[in-house]
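Taking it in order: structure first as structure tokens, then the write-up.
Derivation of every value follows stated rules applied to the coordinates shown; laboratory data play no part. Since we're looking at a predicted model, the values are computed, not measured. Cβ sites come from the backbone with ideal geometry, for glycine too, and all protein chains shown count toward neighbours.
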Amino acid sequence: MPTPLPAASPVARALLEAARDLSAELAPLRFAAPVAHVYDPLQYAWAPYEAYVRRYGDSRKRIVLLGMNPGPFGMMQTGVPFGEIAAVRGWMGLEAPVGQPADMHPKRPIEGFACTRSEVSGRRLWGWAAARWGSAESFFADAFVLNYCPLVWLEASGRNRTPVQLPAAELEPVYAACDRHLARALAALGPQWAIGVGGFAERRLRGVLEGELVDGAFARGVHIAQILHPSPASPAANRGWTEAVDAKLAVLGLAPPGAAPLR
């Protein structure tokens with residue numbers, strides 16, 4: 001039987017309100033071919049996302065890790081950033097009903113927690129977190145993981161399109177909404193470090209923290225950095241993603257509290 005969810009803390013409420021507003025802002029947007037289908041897990045997979053935030057986004061954090069947008073067998077299925085099903089269900093102890101998008105691509109079905117495919121990026125990221133912090137409770141007492149954008153863009157073939165592959169005119173309102181959400185999330189979480197998982201996420205963090213969407217005094221207290229994205233499409237990640245991230249965090253002085261030195 002799942003552990004009952006806690007009441008939403010002020011931090012969790014702020015995160016959930018920001019996510020609902022983001023989803024509502026993105027809903028009217030339309031995208032031209034070759035985009036054929038657009039998914040928003042903050043709509044059909046809201047229940048597990050809410051559970052993730054209520055249980056683990058309940059306090060301010062030392063570190064916020066920011067990804068780009070959902071992967072096909074991760075957040076697209078579970079609503080949780082980098083949401084590898086085994087990690088979400090087993091390590092985080094979360095499972096909740098998942099609906100379906102109104103216009104579902106036949107080659108990219110939403111099966112929720114019944115999906116048997118593995119999200120490699122999520123397996124790497126959450127496996128690393130479990131190895132370095134131990135329990136989910138220890139990791140999330142120190143850190144939190146968000147995605148910059150909740151949308152998934154699919155071509156007729158089923159191929160995924162990343163945000164940077166969209167025309168500038170279509171991308172502008174997406175960035176505007178996602179920047180506002182990110183600013184609100186960072187203000188609620190109050191991190192000392194904001195770390196982009198990949199170059200795209202780091203650039204969006206810098207744009208928000210160096211812009212006018214957050215209080216200047218707060219922004220000046222946040223350190224921005226980047227770690228390698230764990231995507232299997234990255235040759236560098238396939239050569240040793242865990243080792244690369246350990247080395248980067250060691251340089252930044254961000255070893256997990258109480259952990260052995262990262263090597």
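According to the Cα-based calculation, Rg over Rh for the range 199-249 is 1.12, with Rh computed by the Kirkwood formula. For the chain, the dipole from Cβ point charges (+1 on Lys and Arg, -1 on Asp and Glu) about the Cα centre works out to 520 debye, to the nearest 20.
Rounded to the nearest 20 debye, the dipole size of the range 131-173 about its Cα centre is 160 debye, using +1 on the Cβ of Lys and Arg and -1 on the Cβ of Asp and Glu. Modelled spin-label separation between SER59 and SER234, with each label point placed 7 Å from Cα along the Cα-to-Cβ direction: 2.9 nm.
Note on THR162 and ALA27: their simple-model spin labels are 3.0 nm apart, each label 7 Å out from Cα toward Cβ. Relative contact order of the chain: 23 percent, from C-alpha pairs under 8 Å at least 6 residues apart in sequence. Directionally averaged projected area (the range 130-263, Cα convex hull): 9.7 nm². The ellipsoid equivalent to the alpha-carbon distribution of the range 96-140 has semi-axes of 29, 13, 8 angstrom, derived from the gyration tensor eigenvalues as √(5λ) and listed largest first.
Remark: the range 108-123, residue by residue, has Karplus-estimated 3J(HN,Hα) of 10, x, 9, 10, x, 6, 8, 5, 9, 7, 9, 8, 4, 4, x, 4 Hz, where x stands for each Gly or Pro and the curve is 6.51 cos²θ - 1.76 cosθ + 1.60 at θ = phi - 60°. Just in the range 116-215: which trypsin sites (Lys or Arg not before Pro) are loop by DSSP and have at most 16 other Cβ atoms within 10 Å? Here the trypsin sites (Lys or Arg not before Pro) that fit, given the DSSP loop and packing criteria, are ARG117, ARG159. On the principal axes of its alpha-carbon atoms, the range 112-161 has extents of 42, 25, 17 Å, going from largest to smallest.
The distance separating the Cα centre of the range 57-87 from that of the range 121-168 comes to 5 Å. Placing unit charges on each Cβ (+1 for Lys and Arg, -1 for Asp and Glu) gives the range 163-263 a dipole about its Cα centre, and among PHE200, GLY211, ALA176 the Cα reaching farthest toward its positive end belongs to PHE200. Volume per residue for the range 50-144 equals 98 cubic angstrom (convex hull of Cα atoms).
Backbone N atoms of the range 95-139 closer than 19 Å to the 7 Å Cα→Cβ label point of SER9 belong to residues 133-139.
Percent of C-alpha pairs per 10 Å bin in the range 1-77, short distances first: 15, 43, 31, 9, 1. Amide H to amide H distances under 5 Å link GLN226 with GLY196, where only residues 5 or more positions off or on other chains count and H is placed in the peptide plane.
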